[in-house]
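The values are calculated or read from the model by the stated rules, or taken from the named source; none is laboratory data. Values in this document were obtained by computation on a predicted structure and should not be read as measured data. Cβ coordinates were reconstructed from backbone atoms using ideal geometry, including for glycine residues, and neighbour counts include every protein chain displayed.
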Amino acid sequence: MYPKVQISTLTLFLTVLFCNAQVDSIETTLFKIPDKFFSQTSSKIDKYNNRLTGKTNKTLEKLARWENKIKTLLDKTSPATSAKLFGNNQLTFNVLLQKIKQGETISQNYKAQYNSYRDKLTTGLKYIEQQKTGLEEKYIKPAQKLQQKLESLENDVAQTEIIEKFITERKKQLLEELIKQLGKNKYLAKINKEAYYYSETLRNYKEIFNDRKKAEQTALGLIEKVPAFKEFFRKNSMLSSMFKVPLSTSNPSASLAGLQTRDQVTNLIQQQIASGGPNAMAEVKQNLQKAQAELNKLKDKILKMGGNSSSANIPDFKPNTQKTKTFAQRLEYGFNLQFDRSSSLLPSAANFGLSIGYKLNDKSIIGIGGSYRLGMGRIDKIEFSYEGAGIRSYLDWKLKKQFYLSGGFEMNHYPSVKGLSANTINGVKPLDSWQQSGLLGVSKKFPMKTKFTKGAKLQLLWDFLHRQHIPVSQALLFRIGYNF
C-alpha cells in the first residue's frame, strides 16, 4: 500500500513541477519580446489604415467627378441611357462617396479575404492575453490595445475590398454601356485608369503591411517557438474558423473523415480515362498542352494591354507602375565618383557625389544632389586638400533596355579660384568662385543586388559650359556610381 501512495505522490509532484517549468518557460520566452514590438506594430497598423482610407476617398472623389461629367453628356445625347445608369436609385460613385463620408458601414456581413500575416499577428496577441501570470503590466495591456486596432483594421480592409469590387463592376458597366454611345471618351479613359491604379495601389499597400520589421520577426518568432502556441493556433486562428482543420495532434485524421485521399482521386481519374480507350491518355495530355498554350497567350495579351484584366477594356492604356507606389518607394538614392585631371592652376581632384531621385514614371527619373571636391595634388607630390563643393540637378530618360539619356545642370564652388584671382590680379574684379556646368550624355545601368547596393551606373557626359570655366576644365566627364 505504501509504495503505491509514494508512487502517486511522486507522480503528482513531477506533474506539478513539469507544469510550473512549462509556465516559467513560456514567461521566459515571452519576456524576450522586444519592447518596441507593440509600438512599432501599432504605428504600422495606423499607417496602413490611413493609407487605405486616404486612397479610397481620393479615388472615389475623382471617379464621382468624372461620372458626373459623363451624366451631363448623356443627358444631352441619350437620356434613356442616362436614366438606366443613374436613375432608379442606382448606386453610383457619388452615392457611395456620400455614404462613406456619412460614416455608413458598407461591409455588412462581409469578411475580409484571408491574410496569413494578420492571422498570425492576431492569434499571437490572443495567446499573449491569456498568459496572465507575470505579464500583466508589460505585455497584456499593450496586446489588448493592439488587438482592438487589428479588429478595427479587419473591418476597414473588408470595406475597402467591397469598394474595390464595386469600382470594378461599375467601371465595367459604364464601359459596356457608353463605349458605343461616346466612343473613346476621355472621362471613360480616366475612370478606367483610376480603377486600375486603385487596385494595384491597394495590393502594394498590403505587401508593405505584410512585410515584417525586425521587432515583429523577433516577437512572432518567439511566440511560434512556444510548443503550446501551435495547439492554440489550431483552435483560435482565422484559418481554423474558415476550414475544418485538425484541432488535436493526437488524432488529426478525425476531422478529415469522409474526404477522399489523393490516391483515391488519382485512381478515379485513371479509371475514367481508361474507359475512353487505349489512346485516351495521349489525347488528354495533348488537350492539356493546348489549353496551357492558350492560357499563356491570354496572359501575354493581358500583360500587353495593361497587366491586369481590369484595364483590358481600353487597349491603348499603358499603366505607369510608379503611380501605384508610395512616395518613399519612388525615391532612388545614389552615389557617384568622378576624377578631374590637374591643370596649371588647380590640382587633380576626386569628386564625390550623393543624389536623391524621384521616379516620374517607368522611363524617367528627376533628382538633385551635392558633391564634395577632394584635391589630390600632382603626380610628383600627392597632397590632399579641400577644393570645393557643388549642387546638382539631373534627369535620366530611358532610351532602350538599360541605356538612358542623361542631362543636368550643376553649380560648383572652387575656393582656390577666388583666392588665386585676389592675390595675382591687381585692379581687376575677382573671379567668381561659383562656376556653372551644363551636362548631356548617356548612362548605362547594371543590376547589382548586394547587401548595400541595387545597381551600378556608368555615365559619359559632355559639359557645354567647360570653356567658360577659369581655368578651362575638361569637356568630357566620366562617372561611375551606385544606387542604394
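Please pick out the residue among Glu224, Glu176 that is under 20 Å from Thr122 (Cβ atoms) and either surrounded by fewer than 19 Cβ atoms within 10 Å (Cβ to Cβ) or within 18 Å of the chain's Cα centre (by Cα) (or both).
After applying the criteria, what remains is Glu224.
Every residue in the range 438-462 that is farther than 17 Å from Asn336 by Cα and touching a residue at least 12 places away in the same chain (Cβ under 8 Å), please.
Within the range 438-462, just Gly438 meets the criteria.
Does Ile391 qualify as being surrounded by 13 or more Cβ atoms within 10 Å (Cβ to Cβ), of a type outside the set (Gly, Ala, Ser) and not in a loop (DSSP other than H, G, I, E, B)?
Yes.
Residue-wise test of (1) at pLDDT 90 or above; (2) among the aliphatic types (A, V, I, L, M).
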| site | (1), (2) |
| --- | --- |
| Leu440 | yes, yes |
| Lys444 | yes, no |
| Pro447 | no, no |
| Leu458 | yes, yes |
| Ile480 | yes, yes |
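Gly369 passes all but one of (1) in contact with a strand residue (DSSP E or B) (Cβ under 6 Å, 6 or more places away or on another chain); (2) within 19 Å of Leu476 (Cα to Cα); (3) of a type outside the set (S, T, N, Q); which number fails?
(2)
Restricting attention to the range 449-474, which residues are aliphatic (A, V, I, L, M) and surrounded by 13 or more Cβ atoms within 10 Å (Cβ to Cβ)?
Across the range 449-474, the qualifying residues are Ala456, Leu458, Leu460, Leu461, Leu465, Ile470.
Please specify each residue of the range 75-105 satisfying the condition of being surrounded by 17 or more Cβ atoms within 10 Å (Cβ to Cβ), of a type outside the set (Gly, Ala, Ser) and assigned to a loop (DSSP other than H, G, I, E, B).
Of everything in the range 75-105, just one residue is surrounded by 17 or more Cβ atoms within 10 Å (Cβ to Cβ), of a type outside the set (Gly, Ala, Ser) and assigned to a loop (DSSP other than H, G, I, E, B), namely Thr92.
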